[in-house]
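Have a look at the structure below before the remarks.
The values are calculated or read from the model by the stated rules, or taken from the named source; none is laboratory data. Nothing here was measured: the structure is a model prediction, and the numbers come from that model. Using ideal geometry, Cβ is built from the backbone for each residue, glycine included, and neighbour counts are taken over all protein chains shown.
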Amino acid sequence: MSESAQSVIPETDDGGGGDELRAAPRFTLLLRTAKLIGLAGEYLCVVRDVSTTGISVRTFHPLPQGQLVLELPNGDRHPLEKVWEGEGSAGFRFCGEVDVTRLVEGKGRFPKRGVRLHMELPATLSSLGGVHDAVVRNLSQQGARIEARSRFAIDQRVQIELKGLPPIRAVVRWRKNHEYGLAFVDTFQFAELARLAATLQNGCRTEFTTGEQMRDEVA
């Protein structure tokens, strides 16, 4: 799926800087999942258009204030300066030089994989053996990495409970010391996880979402 290239700077009076950015070469970029990292947490987005000076992204909730860093699935990071934000989208300037070809191609040190959100959330794990305290260390569409003092078996079925959410069914797939990798029985849609993560991390309002429209775009 792809979209036609658009400027990352809107047609508004921006003190003159917008003309220079609009004149930068623009590239059509396949919709690419990524995350924005800030002091308050990590937030999912979809990179839509990129130029030598900035990017525009699809968002699923209002973004937090302060500096944000774009992290791509290959591990590359780019500090950003927010220029504008609208309903379901935002535009940023790059704070330094960027290899646009590398960004578009998505090549990097790490193999491509689903975006993982690093966090530290208290949770409980329910199983036939009872209810156990745990901490969620990262979260993705397909599963989570947790830390727990209790012992769980490989392929054991459990339920994760986070404050304010219904239980999430999962299966233990790997174990290393007190860390466990869980695979969700019912995986999240990308937009669904984006809204969930924002709510879990900082109670972010989600009125910018459009439900099925956004879900269909990135499913």
Any hit, region 11-26, residues being among the small types (Gly, Ala, Ser), on the phi > 0 side of the Ramachandran plot and at pLDDT below 85: yes
Could you list, in sequence order, the residues of region 179-190 that are in contact with a strand residue (DSSP E or B) (Cβ under 8 Å, 6 or more places away or on another chain) and either of a type in the set (D, E, K, R) or farther than 25 Å from Ala148 by Cβ (or both)? Glu179, Asp186, Phe190
Would you confirm whether any residue within region 159-167 is among the basic types (Lys, Arg), under 29 Å from Arg77 (Cα atoms) and not assigned by TED's automatic domain parsing to the domain that holds Pro73? no
Within region 81-92, restricting attention to residues that are among the hydrophobic types (A, V, I, L, M, F, W, C) and under 19 Å from Leu31 (Cα atoms), which residue is farthest from the chain's Cα centre (by Cα)? Phe92
Options Pro122, Pro73, Pro64, Pro79: the member that is over 30 Å from Gly164 (Cβ atoms) and either in a loop (DSSP other than H, G, I, E, B) or in contact with a strand residue (DSSP E or B) (Cβ under 7 Å, 6 or more places away or on another chain) (or both): Pro79
When residues of region 114-136 are filtered for being more than 20 Å from Gln189 (Cα to Cα) and touching a Lys or Arg at 6+ places or on another chain (Cβ under 9 Å), how many remain? 10
